[in-house]
Amino acid sequence: QMQLVESGGGLVQPGGSLRLSCVASGFSVDDYAIGWFRQAPGKEREGVVCIINSDGTTEYADSDYVDSEKGRFTISKDSAKNTVYLQMNSLNVEDTAVYYCATDGGSNGLGYRMGCIPYEYEYWGQGTQVTVSS
């Protein structure tokens, strides 16, 4: 059974940093696309950044925040721990959201060019709240 558990969220002041963790079980994080998404109150769930290839190639989502995300957010992976991370720097109030980890789990088949769009991903964690406020 594929499961994902996020942790590391909390309250942080503007300009601060957080590192989120996502521990996977039931599959290897090296086998499938995996990434981070977020949903703020009153807004659609959106992609943040994903790992789409086994060599670590990343894909930033095309969103209203994409330019800001590229400069401040970084995804990484520790295969030995079967864990992915999201390093977030220079946080601002607009980053406040529930952050989710998700994987496609092979649902898109061979030859599909993965992106970082919510509908491409099948298995989701429970989410962790990030609140940026002074």
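Other residues lying with their Cβ under 13 Å from the Cβ of Y32 contribute a combined charge of -4, Lys and Arg counting +1, Asp and Glu -1. For K43, the lysines whose Cα falls under 21 Å of its own Cα, not counting residues fewer than eight places away in the same chain, are K70.
Find out how many positive minus negative residues lie around Y119, taking Lys and Arg as positive, Asp and Glu as negative, among other residues whose Cβ is under 13 Å from that of Y119. Let's see the in-between values first.
Details: positive: R45; negative: E44, E46, D104, E120, E122.
Result for the neighbourhood of Y119: -4.
Using a 4.7 Å Cβ-Cβ cutoff, every cysteine of the chain has at least one partner cysteine. Roughly what % of Cα-Cα distances in the chain sit above 18 Å, to the whole percent? Summing the P(r) tail past 18 Å for the chain gives 49 percent. Note: relative contact order over the range 43-134, using C-alpha pairs below 8 Å and six or more positions apart, is 28 percent.
What whole-number value in Å² describes the accessible area per residue of the chain for a 1.4 Å probe? Mind dumping the intermediate values first?
Details: 6800 Å² over 134 residues.
For the chain, the solvent-accessible area averages 51 Å² per residue.
Apolar share of the accessible surface for the range 68-134: 49 percent from carbon plus sulfur atoms, 1.4 Å probe.
The values are calculated or read from the model by the stated rules, or taken from the named source; none is laboratory data. Model, not experiment: these values are computed from the prediction. Every residue, glycine as well, gets a Cβ built from its backbone with ideal geometry; the counts of neighbours run over all protein chains shown. Just the protein is used for accessible areas: all its heavy atoms, side chains included, with ligands, DNA and RNA removed. Shrake-Rupley method; radii C 1.70, N 1.55, O 1.52, S 1.80 Å.
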